[in-house]
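*Asks:* Sharing a structure below in structure tokens format, with a few things to ask.
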Amino acid sequence: MSNNSLLIYNLPILFEILNEIKENFNFKIYNINKNYEISKIDKKKYKNFIILTNEKNQIKNIDKQLVIEKFPIEIFSLIKKINIFLLKQNYNFQSDIKIKDYKLNINSREILKNNIKLNLTEREIEIIMFLYNSKKSETVHNLQKQVWGYNSDLETHTVETHIYRLRKKIDEKFSDKKFILSSEKGYSL
């Protein structure tokens with residue numbers, strides 16, 4: 001399921017039309033009206049979102065907004081605009097993820113701190129992002145299951161080896177032994 005969301009602001013007829021064909025989209029759609037407080041958008045619920053509206057309903061000081069200037073609009077043209085907007089936004093998000101004192105760029109597979117860059121592998125980024133998105137320490141089993149896709153209780157040291165190498169890499173480049181923490185409950189950032 002996609003993490004992309006389209007919030008249709010004060011255009012109920014457009015929402016009804018898109019809602020009828022929503023199975024064809026790679027984003028979820030939501031209807032919001034003027035009574036909805038835009039400033040209180042739940043970013044955890046909507047993840048990567050945009051607000052679709054028209055010129056009359058345009059919201060001041062909101063940058064995640066796709067404003068359609070002319071209606072009627074061809075439905076395929078509208079969907080194309082929405083997808084392009086979401087792709088650009090997702091790319092920008094992946095270029096600037098703040099983790100502790102670091103900036104992670106998934107697109108270029110780099111982590112930066114104080115203008116010092118370190119190249120990462122795709123798996124290292126997956127580990128960092130999984131731990132970053134986790135609210136608690138993650139066990140080796142959870143890392144195996146979620147990052148590697150292992151779904152068994154086989155004894156393996158793959159996770160520990162990758163964590164060890166990633167910690168070593170970060171320590172050598174940034175002199176930071178505490179980027180990934182370990183405890184009896186597992187690993188965390």
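The values are calculated or read from the model by the stated rules, or taken from the named source; none is laboratory data. This is a predicted model, so every value here is computed, not measured. For neighbour counting, all protein chains shown are included, and Cβ atoms are generated from backbone atoms with ideal geometry for every residue, glycine included. Side chains included, ligands, DNA and RNA excluded: accessible areas come from the protein's heavy atoms. Shrake-Rupley method; radii C 1.70, N 1.55, O 1.52, S 1.80 Å.
*Asks:* Put SER5, SER188 in order of accessible area, largest first, 1.4 Å probe: what do you get?
*Replies:* SER188, SER5
*Asks:* Per the helix-only calculation at 222 nm, which mean residue ellipticity applies to the chain, given -39500 (n - 2.57) for every DSSP H run of n ≥ 4 and division by its residues, nearest 500 deg cm²/dmol?
*Replies:* -10500 deg cm²/dmol
*Asks:* Give me a comma-separated list of calculated 3J(HN,Hα) values for the range 75-91, in order, Karplus coefficients 6.51, -1.76, 1.60 applied at θ = phi - 60°, integers in Hz, x for any Gly or Pro.
*Replies:* Couplings: 4, 5, 5, 5, 4, 4, 4, 4, 4, 5, 4, 5, 4, 4, 5, 5, 4 Hz.
*Asks:* What ³J(HN,Hα) values, in whole Hz, does the Karplus curve 6.51 cos²θ - 1.76 cosθ + 1.60 give for the range 178-189 when θ = phi - 60°, with x put for Gly and Pro?
*Replies:* These are the phi-based 3J(HN,Hα) values: 10, 5, 10, 9, 10, 8, 5, 8, x, 10, 8, 9 Hz.
*Asks:* Under unit Cβ charges (Lys, Arg +1; Asp, Glu -1), what dipole magnitude, rounded to 20 debye, does the chain have relative to its Cα centre? Can you show the working numbers first?
*Replies:* Details: 33 positive and 23 negative charges, 118 e Å.
Approximately 560 debye in magnitude.
*Asks:* What does the charge add up to near PHE25, with Lys and Arg as +1, Asp and Glu as -1, over the other residues with Cβ less than 14 Å from its Cβ? It would help to have the intermediate numbers written out before the result.
*Replies:* Details: positive: LYS22, LYS28, LYS80, LYS81; negative: GLU20, GLU23.
So the environment of PHE25 carries a net charge of +2.
*Asks:* If you don't mind, another one. Roughly how much of PHE85 is accessible, in Å² to the nearest 10, using a 1.4 Å probe?
*Replies:* The value for PHE85 is about 50 Å².
*Asks:* Going by amide H atoms built from the backbone, whose H comes under 5 Å of the H on GLN65, apart from near neighbours?
*Replies:* ILE51
*Asks:* Given the pairs LYS100/LYS136; LYS64/LYS117; LYS135/LYS168; LYS28/LYS88, which span a C-alpha to C-alpha distance of over 19 angstrom in this model?
*Replies:* Among LYS100/LYS136; LYS64/LYS117; LYS135/LYS168; LYS28/LYS88, the Cα-Cα distance tops 19 Å for LYS64/LYS117; LYS135/LYS168.
*Asks:* For a quick check: with amide H placed at 1.01 Å from N, whose amide H comes under 5 Å from ILE29's, ignoring anything fewer than 5 positions away on the same chain?
*Replies:* LEU6
*Asks:* Which order do you get for GLU69, GLU16, GLU160 if you rank them by accessible area with a 1.4 Å probe, largest at the top?
*Replies:* Reading off the accessible areas and sorting them downward yields GLU69, GLU16, GLU160.
*Asks:* Once you put a point 7 Å from the Cα of ARG165 and another 7 Å from the Cα of ASN105, both along the Cβ direction, what distance in nm separates them?
*Replies:* For ARG165 paired with ASN105, the spin-label model returns 2.3 nm.
*Asks:* I've got another one for you. Can you work out the Karplus-derived ³J(HN,Hα) for every residue in the range 57-73? Use 6.51 cos²θ - 1.76 cosθ + 1.60 with θ = phi - 60°, whole Hz, and x for glycine or proline.
*Replies:* Karplus-based 3J(HN,Hα) across the range 57-73 equals 9, 3, 9, 5, 6, 10, 8, 8, 10, 9, 9, 8, 7, 10, 10, x, 10 Hz.
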